[in-house]
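The values are calculated or read from the model by the stated rules, or taken from the named source; none is laboratory data. All figures in this text were calculated on a predicted structure; none of them were measured in a lab. Cβ placement follows ideal geometry from the backbone for every residue including glycine, while neighbour counts extend to all protein chains displayed.
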Amino acid sequence: MPNEAPNPEDLPFGADLDSDGRWSQVLNRVQGEGRPGALFLDRDGVVVEEVHYLHQPDDVRFLEGAQALIGEANIRGIPVILVTNQAGIARGRFKWPQFIAVQEKIHDELAEAGVFLNAVFACPHHGDGKPPYDVAEHPWRKPNPGMLTAAAERLPMDLAKSWMIGDKASDIGAAKNAGLEGAVHVLTGHGKDEGERDKSLALAQQGFRVEAAATIADAMGLLPLFK
């Protein structure tokens, strides 16, 4: 089978891959009392450089400011959750072991910088994918909110105080559909693609803010979480 999952014993610390192909990895639970707002981050084109179907650890390159923003959130006790669509798995461009290798490189480089993600959620499903990952409107695939709401079930957070940073309107849509306070659209990755900025800004409404920034570094000053 083209997308055969790894054995459970081969999964890294904190990771789970369920029978539906939903990847969740809780690495560090936020300490302290209360339910803080969380920071959700898209991966490719926001935290690391956009690479067509990123699946080689050597291709992982952090975008300027990403590690600093994650570190500032760590200091403030703000949960940082990576939420990523991974259609490359659905289309058979790479398999779960390659995804894991890339994620381990990301975690290792963050650790070298003294910062960390609290959790990672990934959805491989796509309407053009190969079975069993061919569900077109899977509830976890952004702009559907499933990865964000699953994170709220696993970690203490208040979604209504939380924010997303993404490069696609689908990221912003997921934030809106999950009931977040707002989202920041950046121009890195696919952010400069025709229509992405306009579609993202158009999702703003009363009770849901959409801010515009050039990069993740510029986004920090726009987030109420850091004020």
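Data overview
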quantity: Filtered residue count, segment 204-217, keeping only those that are surrounded by 16 or more Cβ atoms within 10 Å (Cβ to Cβ) and within 16 Å of ALA68 (Cβ to Cβ); calculated: 4
quantity: Lone unmet requirement of (1) surrounded by 24 or more Cβ atoms within 10 Å (Cβ to Cβ); (2) of a type in the set (Gly, Ala, Ser); (3) modelled with pLDDT under 95 for ALA183; calculated: (3)
quantity: Near pairs, Cβ below 8 angstrom, 6+ apart or cross-chain, from segment 122-149 (among the aromatic types (Phe, Trp, Tyr)) to any residue that is surrounded by fewer than 21 Cβ atoms within 10 Å (Cβ to Cβ) and outside any helix (DSSP H, G or I); calculated: TYR133/ASN3; TYR133/HIS126; TRP140/ARG22
quantity: Some residue of segment 215-222 being at pLDDT 95 or above, part of a helix (DSSP H, G or I) and within 22 Å of GLY88 (Cα to Cα); calculated: no
quantity: Which numbered condition GLY21 fails, given (1) under 29 Å from GLY182 (Cβ atoms); (2) assigned to a loop (DSSP other than H, G, I, E, B); calculated: (1)
quantity: In segment 31-87, the residues that are in a strand (DSSP E or B) and under 30 Å from GLU137 (Cβ atoms); calculated: LEU39, PHE40, LEU41, ASP44, VAL48, VAL80, ILE81, LEU82, VAL83, THR84, ASN85
quantity: The lone exception for VAL115 - which of (1) hydrophobic (A, V, I, L, M, F, W, C); (2) touching a helix residue (DSSP H, G or I) at 6+ places or on another chain (Cβ under 8 Å); (3) assigned to a loop (DSSP other than H, G, I, E, B); (4) under 16 Å from GLY21 (Cα atoms) it fails; calculated: (4)
quantity: Selection count, segment 106-121, where residues are polar (S, T, N, Q) and without any contact (Cβ under 8 Å) to a residue 24 or more places away in the chain; calculated: 0
quantity: Members of segment 143-169 found to be acidic (Asp, Glu) and either touching a strand residue (DSSP E or B) at 6+ places or on another chain (Cβ under 8 Å) or part of a loop (DSSP other than H, G, I, E, B) (or both), listed by number; calculated: ASP158, ASP167
quantity: Hey, ALA87 hydrophobic (A, V, I, L, M, F, W, C) and either in contact with a Gly (Cβ under 8 Å, 6 or more places away or on another chain) or within 26 Å of GLY221 (Cα to Cα) (or both) or not; calculated: yes
quantity: Selection within segment 170-192 - in a loop (DSSP other than H, G, I, E, B) and out of contact with any Lys or Arg (no Cβ under 8 Å at 6 or more places or on another chain); calculated: ALA178, GLY179, LEU180, THR188
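Okay, residues lined up against (1) farther than 13 Å from PRO12 by Cβ; (2) among the β-branched types (Val, Ile, Thr); (3) more than 17 Å from the chain's Cα centre (by Cα):
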{"position": "LYS95", "(1), (2), (3)": "yes, no, yes"}
{"position": "GLN98", "(1), (2), (3)": "yes, no, yes"}
{"position": "HIS107", "(1), (2), (3)": "no, no, no"}
{"position": "LEU110", "(1), (2), (3)": "yes, no, no"}
{"position": "PHE121", "(1), (2), (3)": "yes, no, no"}
{"position": "HIS126", "(1), (2), (3)": "yes, no, no"}
{"position": "GLY129", "(1), (2), (3)": "yes, no, yes"}
{"position": "TYR133", "(1), (2), (3)": "yes, no, yes"}
